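Just below is one structure, and these are the notes that go with it.
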Amino acid sequence: MNSFHPLDYVFFLLPFFVIFFILIRFRSKHQSTKEYFQAEGSLSWFVAGTAMVATTFAADTPLAVTEIIRNQGISGNWIWWYMAVGGFVTVFFFSKLWKRSGASTDLELIQIRYSGKEANFLRGFKAFVIGFLLNLVILGWVNLAMLKIIPVFFPGYDATQILILLLVFGVLYTAIAGLRGISYIDVFQFFLAWIGCILFAYFAINLSSIGSLESLKNKLPENKLLFFPTGENGSLPWDHFLILLTVLWWSSWYPGSEPGGGGYIAQRILATKNENAALKGSLWFVIAHYFVRPWPWILVALVSLVLYPNLTEVESGKGFLMVLKEGMPNGMMGLMLSAFLAAYLSTLATHLNWGASYLVNDLWKPLLRHKQSDSHLIKLSYFIQLVTAASSYVLAVYGLDTIKGAWVFLLEASSGIGFVLIFRWYFWRISAWTEILALILSPIFYLLYSQYLQIPFPYSILFTSLSSASVLIFSSFLLPETKPEILFTFYETTKPPYFFWRGFFAKHPKYKQTIYHNQMMVSLFGTLSGLSFVFGGLYSVQCLLWKEGNLFWGILFFFVGIVGLYFTVQKSESNRISK
């Protein structure tokens, strides 16, 4: 072990005792699949939201942010900050709709919203592709990150063997805890990782070779400290920035920021106790993810740029870890090891549970001709989690390089799918056929624009998104419709705004028209207030740290966002759907 002080051992071992305590507390709780995968829909907004944040803090996240900053400076973070737009849209437009649906997983919504064999096919296909194949790739990259992190803390030891031990531990506690236990462990792991990174940033800035924030600023090129992109000297181009903010948030599918909500975000929303908890939990997630967490990572990344200016692009992410070797106080090495383990285990546990929920609820159960007991299904989920973990290990150790191109392709080729995921709530003509067509069109348009016509990123995504949306809108009037009784039940269950469903009631006058307004303008105001709060807050911190920029405007947007969010949440909590 890397010259560990006794205090390092304390910080390293203490989290495991906390996890064991939580496991003992929740071990006997999951008697049904609804409990195991959905915590019986009883999580508080704070537990559900914090669990979402913990999952998005994967072990490789600080390394990825470091790589971004070393290449494009602080402004490069807009390549993921833009996702806050879709995050706030999910909070105020879709979180309550998800909770009202009563679905066990977001893929079950397919069966609730669509009809026919095409709906069965779509649900099973997405369950296998997302719940196993794509989930496998995500976990493979998370494992690969750990293979890079382990040698920093355990030089001289076989990283693959240590990874096996972590995977075995992760599989065991995922199986024992269920979603409820995982979520409570995630709360502990999030604060452990967050506090660890704050302390790491503090000690990194006060290293003798750095000295202070002012000294750090003087040692860095000016373009690395820019908050807004300029397109010059390696900064993110302005037109890329605009495309990210206006197109990608609604068009591209990405784990944790699916347009309209989805994946493990929807799983945690569905696990909340009521609609208000769903809204507040998802709101806390977006605020914590985009505003509360990033700055400690950013500061350490900037320190690494000063200390190790000549790292290659491939090695740039390791700069975050290398700062640990620069005279940190006793205990810091153990605390950061715990932080990385917490980030890794929270991501691993959520993805194992979430992936198994797809394969059990959305693939296995619909295929069976007779009902299986919950005990059988939970045991099946244990087996699925074990297979997924073992496969992700093999992928990380032996096959990841060969699949890297496919992973990039999946990310960019999904840029025409988001339109359907959003508008299936509002546009009644969208059917399972429309969503199937979206899955086909998106990669075809991507290949046309990116590969054949050689249109560079992100313009290729712009063309793919707009082309897919145009074809999907037109085709929705030609493709077979969902059965009207299914649509009416969906409308009465989820209560989307009547304005977008007038055409359905005009075509099917036998169904009673219950008008749900949903306060759409309040939702829009909440989304804009959230963006004002997060982006104004990020910019205010930027101004305070470097003592430059227009602090007045940053604080103004920040406080306007706070007031707007307070008003919106109060209105949303008191809203019982006006008729």
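What is the range 1-128 by shape, rounded, prolate or oblate, if you read a ≥ b ≥ c off the alpha carbon gyration tensor as root eigenvalues and call it rounded for a/c under 1.5, prolate for a/b larger than b/c, and oblate otherwise? The partial results should precede the final answer.
Numbers: a/c = 2.35, a/b = 1.31, b/c = 1.80.
The shape class here is oblate.
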### Message
Keeping all protein chains in the complex and leaving out DNA, RNA and ligands, what accessible area do you get for HIS5 with a 1.4 Å probe, in Å² to the nearest 10?
### Response
70 Å²
### Query
Roughly what % of Cα-Cα distances in the range 293-356 sit above 18 Å, to the whole percent?
50 percent
## Note on the structure
In whole percent, the fraction of accessible protein surface over the range 458-570 that belongs to carbon or sulfur atoms, probe radius 1.4 Å, stands at 74 percent
### Message
About the Cα centre, and with charges only on the beta carbon of Lys, Arg (+1) and Asp, Glu (-1), how big is the dipole of the chain? Nearest 20 debye, please.
### Response
1940 debye
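Summarise the long-distance tail of P(r) for the range 24-95 by giving the % of C-alpha pairs beyond 17 Å.
Numbers: 1643 of 2556 pairs.
Here the long-distance tail beyond 17 Å is 64 percent of all Cα pairs in the range 24-95.
In terms of the ratio Rg/(2.2 N^0.38 Å) built on C-alpha atoms, what value belongs to the range 439-507?
On the way: Rg = 16.9 Å, N = 69, 2.2 N^0.38 = 11.0 Å.
The range 439-507 yields a ratio of 1.54.
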### Query
Going from most exposed to least, what order do ASP8, ASP60 have by accessible area with a 1.4 Å probe?
ASP60, ASP8
### Summary
With x for Gly and Pro, the residue-by-residue ³J(HN,Hα) of the range 340-345, computed from phi through the Karplus equation 6.51 cos²θ - 1.76 cosθ + 1.60 at θ = phi - 60° and given in whole Hz, is 5, 5, 4, 4, 5, 5
### Summary
Surrounding charge for GLY116, neighbours by C-beta under 13 angstrom, Lys/Arg +1, Asp/Glu -1, total 0
## Note on the structure
Checking the range 317-382 for trypsin sites (Lys or Arg not before Pro) in a loop per DSSP with at most 11 other beta-carbon atoms within 10 Å yields ARG369, LYS371
### Task
Using the heavy atoms of the protein chains and a 1.4 angstrom probe, tell me the accessible area per residue for the chain in square angstrom.
40 Å²
### Message
Run the helix sum for the chain: -39,500 (n - 2.57) per DSSP H stretch of 4+ residues, divided by residue count, reported at 222 nm to the nearest 500 deg cm²/dmol.
### Response
-20500 deg cm²/dmol
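What percentage of the solvent-accessible surface of the range 57-129, computed with a 1.4 Å probe over protein heavy atoms, is contributed by carbon and sulfur atoms? Could you put the intermediate results ahead of the total?
Values: 1120 of 1830 Å².
Carbon plus sulfur share of accessible area: 61 percent.
Once you charge only the Cβ atoms, +1 for Lys and Arg and -1 for Asp and Glu, what is the size of the charge dipole of the range 282-404 about its Cα centre, to the nearest 20 debye?
On the way: 8 positive and 6 negative charges, 90 e Å.
With only Lys, Arg, Asp and Glu charged at Cβ, the dipole is about 440 debye.
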### Query
Where the Cα atoms of the chain are projected onto their three principal axes, how long is each span, largest first, in whole Å?
77, 54, 52
### Message
I'd like the accessible area for MET322: 1.4 Å probe, protein heavy atoms, all chains in place, Å² to the nearest 10.
### Response
60 Å²
### Query
What fraction, in whole percent, of alpha-carbon pairs in the range 423-578 exceed 26 Å separation?
55 percent
### Task
Name the residues whose placed amide hydrogens come within less than 5 Å of the amide hydrogen of ILE430, ignoring near sequence neighbours (fewer than 5 apart) on the same chain.
none
### Message
Please list, ordered by chain and number, the residues whose modelled amide H lies under 5 Å from the amide H of THR272; skip anything fewer than 5 residues away on the same chain.
### Response
LEU43
### Query
With each label point set 7 Å from Cα along the Cα-Cβ vector, what nm distance links TYR426 and GLU492?
2.5 nm
### J(HN,Hα) series, the range 59-64, from Karplus relation 6.51 cos²θ - 1.76 cosθ + 1.60, nearest Hz, glycine and proline x
4, 8, 4, x, 5, 5
### Message
Rounded to the nearest percent, how much of the accessible area of the range 206-342 (1.4 Å probe, protein heavy atoms only) is carbon and sulfur?
### Response
54 percent
### the range 462-552: chymotrypsin sites (Phe, Trp or Tyr not before Pro) falling in loop per DSSP and having at most 13 other Cβ within 10 Å
PHE477
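The values are calculated or read from the model by the stated rules, or taken from the named source; none is laboratory data. The shown structure was predicted, so the numbers you read here are calculated from the model rather than taken from an experiment. Glycine also receives a Cβ, built like all others from the backbone with ideal geometry; neighbour counts cover every protein chain displayed. For accessibility, only protein heavy atoms count, side chains too; no ligands or nucleic acids. Shrake-Rupley method; radii C 1.70, N 1.55, O 1.52, S 1.80 Å.
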